[in-house]
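Colleague: Once you've had a glance at the structure underneath, I'll fire off some questions.
The values are calculated or read from the model by the stated rules, or taken from the named source; none is laboratory data. For clarity, every value in this text was computed on a predicted model and none was experimentally measured. When we count neighbours, we look across all protein chains shown, and the Cβ atoms used for this are built from the backbone with ideal geometry, even at glycine.
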Amino acid sequence: MTAAVRRLGRDPALLVTVLVLWALLGLFVLFPLARLSWLAFFEGGRLSLGHVWSVLGDPNHRQAFANSLLLAALVGVGGTALGFLFAYTAARAGLGRWWLAALDAATLLPLVSPPFTTAIAMIFSFGPRGLITYHLLGIKGATAYGLHTTLFAETLTYFPIAYLTLRPILAAIDPNVEDMAFSLGSSRWRVFRTVTLPLAVPGFANAFLLLFAASLADFATPLILAGNSFPVLPTQAYLQITGLFDFRGGAVLSFALLVPAAAVYLLQRYWVGRGAYVTVTGKAGPATVIKSVAPWARRLLLAACAAVAVVIGYFYALLFYASVVMAFGANHALTWRHYHVIFTEGLKAIHDTLIIAGVGMPLGGLFGVLVGYLVARRRFPGRRAMELVSMINYALPGTIVGIAYLIAFNSPPLALTGTALIIVACYVFRYSPTGIRATVALLQQIDPSIEEASQGLGARSGMTFRRVTLPLILPAFFAGLGVVFIRSMTAISATIFLVSINWTLITVRILENMTELSLGPAAAFSVLVVAIVFVVMAAISWALRRLRSAGSLQVTSFLGG
Amino acid sequence: MSRARAGLYRLAIAVLTATTLTSPAVAADTLNAYSIWPENWARPMLQEFEQATGIKVNFVRFSSGEALARVIAEKGNPQVDVLFGGPVETFAAGIKEGIFEPYKPPSFGSLPARFKQGEGYWVAIADDPLVFMTNAKFLKEASLKPPASWEDLLNPAYKGMLQMADARTSGTAVTRIFSIIEVNGRNEDKAFDYMKKLRRNVQVYTKSGGGGTLPVGLGQAGGGIFFIVDALDTKAKGYDVVISFPREGIGTSAEAIALLKGAKHPELGKKLIDWATSPAMQSLFAKHKINFVPASPEVKVEPSLAEVLKGAKIFPIDDAYAGANRKRVVDRWISEVLNAKE
């Protein structure tokens, strides 16, 4: 430890960076959490656990806890599998540019729309008079509410995170390694099983962790789909606060969620920490033609991806249709009036959302790469703690982050409620962990000797980071950038408490429109969000292709590949 | 542009934006409000207020539970001046939290007792009865008549086909529960027996009061219990739904307005309350096709709304009784009805 402190002293750039990051994490992660803990565990200035016991003693809350774990684990497994299918197809099936673009588009759709829009489309499709269950299959009395639909919607919504995490990793596995196995006489299946899969393990662990955490924190999907028989904790906590005005009970319930999130995190560290996964070294061989996928397997992979894409496409076609008819299900005359409504009455929300997402995106991307780099590559006191703290806001249910921010920043000297800064800060600290995890996973594959060579030649840490490491982890940076922007456009659970008279968001308007029976404007807003995100993403992708330098990893799209 | 200069340029933009973002916009004659009324009703009414007085109302809409939670959380630093619309039990819950500033508008004296809080912590601006709303096609297929009694909703034909609001978030649900207690002669055990039986027919309890109207309109649910404004709006959108009333009677809830303690524009807030509680405002409901029943005795009920209400037995929920028992009854509903194990 003392050696580490001394090293820190010799490297002022590192020292300053670490101090600034800790100050930010302290202010926007630890401080609100401390204010919330105070509310949950203290009564009149004294520690009091009576309230905690009464909340946790309720069998319904314990049931919700078990349900949350089950759902998160299933979403983690299902989403990782689906993400791997897409990532493997993209990285190894030798697809042309257009196929890759189509794959990216299909995975982006669920990611770029607010989760409850998928949920609403599912209710139309799977209920007792659902378009699919009743009108197509003729099933009577089907239920749209419960574990099955919630799991389906969350898996479809979150698997793109696994895709974003896994694709750069699969792309970074040097095909030469697979070639070596082939030349030693291995079959394709054996190579896949013993070479490719094990090399992707850090990616699997990260993807699972991210999906597990995302599902644990998601309240919008279960709020609409879980129904009465499958309560989950984030929804319970939300209802406890908004419905019963019980901030304390809601805070206790959300602390219960921190336990599994921390457990999964530690498990992942242990699991990934065991092996060596370096494949990108300074001495990489010449590029090779990928031959790890047989022609029949390639067709199978494409068919599976296409099937998933068709399901996604159907949901969004339904959404688009609802935005251009007078009243879905009652009056199917075509109209533009819903778009007219959102561009007049909803203009302020569009304007505010774009400013907030635009400011949050670069900040969040930079923050993710910086923290990821420091955690994976540098030695300094409190490194592990920084990694853990940076994940907290992601793992906590958004509702709780929102309430914690509201409580912490409502009074001087930090009276930030009502400003856009509070929403930007919420997004940056809540959604940059994807960038952090992607950076860490990528760096685990890059041989530190490249950086050591730079430092051996006399470059300082800042210079080495800028000139050597940053280009190498650019895919992770853009993955992080993309996720922060997308979430800024689509998230709701935390920000529903942070929007104000001065700053309002499209997602909040969508939820309001849905509860007001104005399905048309809600669908029109959703279509607009999807369109904006696609345009911005295409612009980043184009810029990145133009700027790409020869030494960096191949970046085929803004999502990092 | 060199790399370092590009970086500086970006930093400058970030700092500039950050400083502008932290300073909220302020205008001279503007007041701020949280509206519990949905936007498509609040917007035209508040625009009428702006035309009448020149005062602009800056507002955001939240459902009653969310709005109340926000106002409580913002107590030390209120972001708005007025809480506008929403069932009276939400306001009753707020009085205990000390978030309101009492104010009696000029029309206070002429309002019936159930449309105002004695000390002026809230004043009613409209009345909103509950109704049964069913899907016409569903009724036909199941050969059912529109439900005309609370007992009709227990018919097994409705099994898993009713949607209504969750009492944890929705004022509609609380009004419904007190209606059921009232028709059972305030015999709570009897009322809860009924609600437990009713639960078998409930597909899902929705977060907001109007949440089930669209599923009922689409036929995804067969029917439910809603406020009349939501039900008539569903019908106006073109969905084939039937509105009916139970012969035993059904409750109605007043919609209220209140001034917040520590409001930054109290004088403007009072002007809004003066206007919202006046006959001038409530006679505009009909013009904007908003199916609230006016609270002011001077405003006549719009003829087509009066036609729907004709013959219906509607009783007010006793707000003193509801206020005193609300938390206990909702807790009981959560443990005995919502989380019932069968």
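Colleague: Here are some residues: B:GLU248, B:GLU267. Which one is among the charged types (D, E, K, R) and assigned to a loop (DSSP other than H, G, I, E, B)?
Modeller: Values: B:GLU267 fails: assigned to a loop (DSSP other than H, G, I, E, B).
After ruling out the rest, the residue left standing is B:GLU248.
Colleague: Here is a follow-up. From the residues in the range B:216-240 that are under 16 Å from B:LEU305 (Cβ atoms) and of a type in the set (Val, Ile, Thr), which one is nearest to the other protein chains (Cβ to nearest Cβ)?
Modeller: At the first step, the residues of the range B:216-240 found to be under 16 Å from B:LEU305 (Cβ atoms) are B:226-236.
Add one more test, that the residue is of a type in the set (Val, Ile, Thr), and what stays is B:228-229, B:234.
Details: B:ILE228: 14, B:VAL229: 10, B:THR234: 6 Å.
Per the criteria, the residue is B:THR234.
Colleague: Can you tell me which residue within the range A:322-368, out of those that are surrounded by 15 or more Cβ atoms within 10 Å (Cβ to Cβ), more than 23 Å from the chain's Cα centre (by Cα) and of a type in the set (Phe, Trp, Tyr), is modelled with the highest pLDDT?
Modeller: Ranking the candidates gives A:TYR339 first.
Colleague: Here is a follow-up. Identify all residues within the range A:102-142 that are touching a Lys or Arg at 6+ places or on another chain (Cβ under 8 Å) and crowded, with 17+ Cβ neighbours inside 10 Å; write none if there are none. Full working, then the answer.
Modeller: Start the filter on the range A:102-142 by keeping residues that are touching a Lys or Arg at 6+ places or on another chain (Cβ under 8 Å), which leaves A:128, A:134-135.
Hits for the range A:102-142 are A:PRO128, A:TYR134.
Colleague: Of all residues in the range A:472-505, how many are away from chain B (no Cβ under 13 Å) and part of a helix (DSSP H, G or I)? Don't jump to the end; show me each part of the working.
Modeller: If we filter the range A:472-505 for residues that are away from chain B (no Cβ under 13 Å), which is where we start, we get A:472-491, A:494.
The next check asks that each one be part of a helix (DSSP H, G or I); those that pass are A:472, A:474-490.
Going through the range A:472-505 one residue at a time, the tally reaches 18.
Colleague: Search the range A:342-363 for residues that are over 18 Å from B:PHE59 (Cβ atoms) and pair each with any residue that is basic (Lys, Arg) and part of a helix (DSSP H, G or I) when their beta-carbon atoms are under 8 Å apart and the residues are at least 6 apart or on different chains.
Modeller: Going by the 8 Å Cβ cut-off, the qualifying pairs are A:PRO362/B:ARG10.
Colleague: How about the range A:91-145: which of its residues are within 11 Å of another protein chain (Cβ to nearest Cβ), assigned to a helix (DSSP H, G or I) and of a type in the set (Val, Ile, Thr)?
Modeller: A:ILE120, A:ILE123, A:THR133
Colleague: Taking the condition over 15 Å from the mean Cα position of the chain (by Cα), more than 28 Å from A:SER323 (Cα to Cα), surrounded by fewer than 19 Cβ atoms within 10 Å (Cβ to Cβ) and away from every other protein chain (no Cβ under 14 Å), does A:LEU197 pass?
Modeller: Taking the combined requirement at face value, the residue satisfies it.
Colleague: Only one of these conditions is not met by A:THR165: (1) part of a loop (DSSP other than H, G, I, E, B); (2) of a type outside the set (A, V, I, L, M); (3) surrounded by 23 or more Cβ atoms within 10 Å (Cβ to Cβ). Which number is it?
Modeller: Exception for A:THR165: condition (1).
Colleague: Moving on to the next point. Quick one: what pairs do we get from the range B:38-63, first residue closer than 18 Å to A:PHE497 by Cα, second assigned to a helix (DSSP H, G or I) and acidic (Asp, Glu), C-beta under 6 Å, 6+ apart or different chains?
Modeller: B:ARG61/A:GLU512; B:ARG61/B:GLU39
Colleague: Please give the number of the condition A:THR495 fails out of (1) modelled with pLDDT of 80 or more; (2) in contact with a Leu (Cβ under 8 Å, 6 or more places away or on another chain); (3) over 29 Å from A:LEU216 (Cβ atoms); (4) among the hydroxyl-bearing types (Ser, Thr, Tyr).
Modeller: All conditions pass for A:THR495, except number (3).
Colleague: If we keep just the residues of the range A:395-416 that are within 17 Å of the chain's Cα centre (by Cα) and at pLDDT below 80, which is farthest from the other protein chains (Cβ to nearest Cβ)?
Modeller: A:ALA395
Colleague: For B:ASP331, indicate whether it is under 19 Å from the mean Cα position of the chain (by Cα), on the phi < 0 side of the Ramachandran plot and at pLDDT below 90.
Modeller: Details: under 19 Å from the mean Cα position of the chain (by Cα): no; on the phi < 0 side of the Ramachandran plot: yes; at pLDDT below 90: yes.
Spelling it out, it is not the case that B:ASP331 is under 19 Å from the mean Cα position of the chain (by Cα), on the phi < 0 side of the Ramachandran plot and at pLDDT below 90.
Colleague: Quick check on my filter: what residues within the range A:517-538 are assigned to a helix (DSSP H, G or I) and touching a helix residue (DSSP H, G or I) at 6+ places or on another chain (Cβ under 6 Å)?
Modeller: Across the range A:517-538, the qualifying residues are A:LEU519, A:GLY520, A:PRO521, A:ALA522, A:ALA523, A:ALA524, A:PHE525, A:SER526, A:VAL527, A:VAL529, A:VAL530, A:VAL533.
Colleague: What number of residues within the range A:443-471 are assigned to a helix (DSSP H, G or I), touching a strand residue (DSSP E or B) at 6+ places or on another chain (Cβ under 9 Å) and crowded, with 20+ Cβ neighbours inside 10 Å?
Modeller: 1
Colleague: Sticking with this one: Only one of B:ALA306, B:ALA280, B:ALA312 is in a helix (DSSP H, G or I), in contact (Cβ under 8 Å) with a residue 40 or more places away in the chain and surrounded by fewer than 19 Cβ atoms within 10 Å (Cβ to Cβ); which? Lay out the reasoning, then the answer.
Modeller: Details: B:ALA306 fails: in contact (Cβ under 8 Å) with a residue 40 or more places away in the chain; B:ALA312 fails: in a helix (DSSP H, G or I).
Every option except B:ALA280 fails the conditions.
Colleague: Restricting to the range A:367-401, count the residues that are more than 11 Å from A:THR439 (Cβ to Cβ), hydrophobic (A, V, I, L, M, F, W, C) and touching a residue at least 40 places away in the same chain (Cβ under 8 Å).
Modeller: Count: 10.
Colleague: Next up: Output the residue which, of all residues in the range B:283-303 that are among the aliphatic types (A, V, I, L, M) and under 22 Å from B:THR90 (Cα atoms), is surrounded by the most Cβ atoms within 10 Å (Cβ to Cβ).
Modeller: Filtering first and then ranking leaves B:ALA295.
Colleague: Next question. For the range B:167-193, which residues satisfy the criterion of being at pLDDT below 90 and over 19 Å from B:ALA254 (Cβ atoms)?
Modeller: B:ARG168, B:THR169
Colleague: Let me ask another. What pairs can you find where one residue is in the range A:315-332 and within 14 Å of chain B (Cβ to nearest Cβ) and in a strand (DSSP E or B), the other is buried (at least 20 other Cβ atoms within 10 Å of the Cβ) and among the basic types (Lys, Arg), and their Cβ atoms are less than 7 Å apart, with a gap of 6+ or different chains?
Modeller: A:ALA327/B:LYS237
Colleague: In the range B:148-189, what residues are within 11 Å of another protein chain (Cβ to nearest Cβ) and among the basic types (Lys, Arg)?
Modeller: B:LYS159, B:ARG168
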